[in-house]
Amino acid sequence: DLLRFLWELGQQGVAGTDGDRVVHRWEVLDPLPQNIDRVDPDVFVADAATRRDLTWEPAYSRLSGAVDLETAIIVPPSDLRVVRCTFEATAAGTVAIRLNATDGLRLWLDGAPVAVEKLSSLRLEPGLHTLSFWVKLANRGDKSLSCEIVPTGETPAKVNLRPAMTVP
């Protein structure tokens, strides 16, 4: 019975999973750069993928899909969290990004800013993609973050949330 439970744990619809639409693997920027409060978030996130001086630590969500941002120990201490997730579009199309809350955060897709009102319809081309989040905990009621990437529209994208490659 235990073996069957463990095998079924990650299967679609079992134990609260919803196929492969909920992000469970995250990366948290730690330590934060010394001048993080003085940088332009748009420029910082656009350059983050190519910067070798940044350290991205793995973070994993609960089974529900929420990653607890408040318990992440960040150096130096700050109410800012910079987190990202990587996924792959295996076929071009449209997705909706569903978040548990949008207060206190800004987000980018592949380094380009995304307005919250555009989250219901984002066009993806095939390949690896990165969603980056700039979260100010002081401006956020819910101190966790959950993200669901849902194929939608007339031409829904095919999405793999467990790509073989990760962003450097």
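The values are calculated or read from the model by the stated rules, or taken from the named source; none is laboratory data. Note that the coordinates shown come from a computational prediction; the quantities given were computed from them, not determined experimentally. Please note: Cβ atoms are built from the backbone with ideal geometry, for glycine as well, and neighbour counts cover all protein chains shown. These accessible areas exclude ligands, DNA and RNA; they are computed on the full protein's heavy atoms, side chains included. Shrake-Rupley method; radii C 1.70, N 1.55, O 1.52, S 1.80 Å.
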*Which of the aspartates and glutamates could a cross-linker bridge to K143, judged by Cα under 14 Å and excluding same-chain residues fewer than eight apart?*
D68, E70, D79, D103
*Taking DSSP loops as anything outside H, G, I, E and B, show the longest stretch in the chain free of GluC sites (Glu not before Pro) there with at most 13 other beta carbons within 10 Å.*
71-153
*Surface accessible to a 1.4 Å probe, per residue, for the residues of the chain, Å²*: 55 Å²
_Suppose a student asked you for the relative contact order of the chain, using Cα pairs under 8 Å spaced at least 6 residues apart; what percent would you report?_
29 percent
*Roughly to the nearest percent, how much of the accessible area of the chain is carbon and sulfur, given a 1.4 Å probe?*
53 percent
*Gyration tensor verdict on segment 46-98 (Cα atoms; rounded if a/c is under 1.5, prolate if a/b is larger than b/c, oblate otherwise)*: oblate
*Over segment 71-125, calculate the relative contact order: mean separation of alpha carbon pairs under 8 Å at least 6 apart, over the residue count, as a percent.*
42 percent
*Rounded to the nearest 500, what is the chain's calculated 222 nm mean residue ellipticity when only DSSP H runs of at least 4 contribute -39500 (n - 2.57) each, over all residues?*
-2500 deg cm²/dmol
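Once you have the Kirkwood Rh of the chain from its Cα pairs, apply Stokes-Einstein at 4 °C and 1.567 mPa s and quote D in µm²/s.
It comes out at roughly 78 µm²/s.
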_Give me a comma-separated list of calculated 3J(HN,Hα) values for segment 95-100, in order, Karplus coefficients 6.51, -1.76, 1.60 applied at θ = phi - 60°, integers in Hz, x for any Gly or Pro._
10, 10, 9, 10, 10, 5
*asked:* At 1.4 Å probe size, what's the solvent-accessible area of S78? Round to the nearest 10 Å².
replied: 40 Å²
_Among L119, T155, N139, which residue has its Cα furthest toward the positive end of the charge dipole of segment 117-168, with +1 on Lys/Arg Cβ and -1 on Asp/Glu Cβ?_
N139
*Would you mind getting me the FRET efficiency between N35 and E125? Use the beta-carbon distance for r and R0 = 45 Å, nearest 0.05.*
0.85
